[in-house]
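Heads up, the thing below is written out as structure tokens.
The values are calculated or read from the model by the stated rules, or taken from the named source; none is laboratory data. Predicted model only: the values in this text are computed from it and were never measured. In this analysis, Cβ positions are derived from the backbone assuming ideal geometry, glycine residues included, and neighbour counts consider all displayed protein chains.
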Amino acid sequence: MSGYSTSLVFLLGSLYLFAIYRGMARSQKIETEHPITTSFYYMVFYVIGPLLGGLAGAIGGIPNTQLRNYFLVVAVGTFWATFVVWIIIDLAAGLLEMLLPASSRHRKERLLEAEARRMQEQIAKQRILTEVERAEKSEQSHWEKVLRPYAQELARLLADAGDSCNSIEGQVVNIGLAAWRMGGLNCMRKLQSMVADTCKKQHTALTYKDYIAIWWDGIGSWQGGWLDIEKDTDNNNATVNGRSI
């Protein structure tokens, strides 16, 4: 294939696909905004246009004695009829419809209604997010008050036990079980975070092992693991497994 024929095939293919898209989108048109292209007579004309072009080519190609030339004339007639009806006439009719006062007015009203619905949906989503955030903050504040004694008790037990932490394992497990009964996994995580924060404020040891994470393994859906709480005496920061807390 030469460069010219490739460009021509690409152009014609694009126009044909565009025409097919216009035909598929026709079913989604609103009759008030498109009184011409949605009418029955126009739809019939739109569908039979290529057939009329092929028929005209068949009649005009009768003088050709060669069968190949005859079918070529039929194909050319079909192509040009399709091009004129689907590309030129259809686009011109669509532009004419856009200029009609009733069509333009209905389109503006429809767009305004769609924009109003979109704004209402956005406001409703924002209201739901605000309510969720408010509920979450209220829950966090509630857990702060309820779990504060438990966090202080756990911090005191771990501080007093020192290296012999196994002696307080039963007490730590009981407190974790109580937290699970109060609020499930989120409550246990909140309590562990509060214990880490309390240890950060009250203890001066450079490195502190959090045995809570492993001792609570098996309580509800809690999955245990080692968490290292390290206190940086230079910048007064603490990290959990390398992450700042």
Does S104 count as free of Cβ contacts under 8 Å to residues at least 60 places away in the same chain, within 19 Å of M194 (Cα to Cα) and not assigned by TED's automatic domain parsing to the domain that holds C199?
-> no
If you check V84 against the conditions, is it modelled with pLDDT under 80 and either at negative phi or part of a helix (DSSP H, G or I) (or both)?
-> no
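Residue by residue, here is whether (1) at pLDDT 85 or above; (2) surrounded by 14 or more Cβ atoms within 10 Å (Cβ to Cβ); (3) of a type in the set (A, V, I, L, M); (4) within 23 Å of L17 (Cα to Cα) holds:
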| residue | (1), (2), (3), (4) |
| --- | --- |
| T65 | no, no, no, no |
| G77 | yes, yes, no, yes |
| I88 | yes, no, yes, yes |
| A92 | yes, no, yes, yes |
| P101 | yes, no, no, no |
| R105 | yes, no, no, no |
| K108 | yes, no, no, no |
Within segment 155-183, the count of residues that are within 17 Å of G220 (Cβ to Cβ) and either modelled with pLDDT under 85 or hydrophobic (A, V, I, L, M, F, W, C) (or both) comes to 9
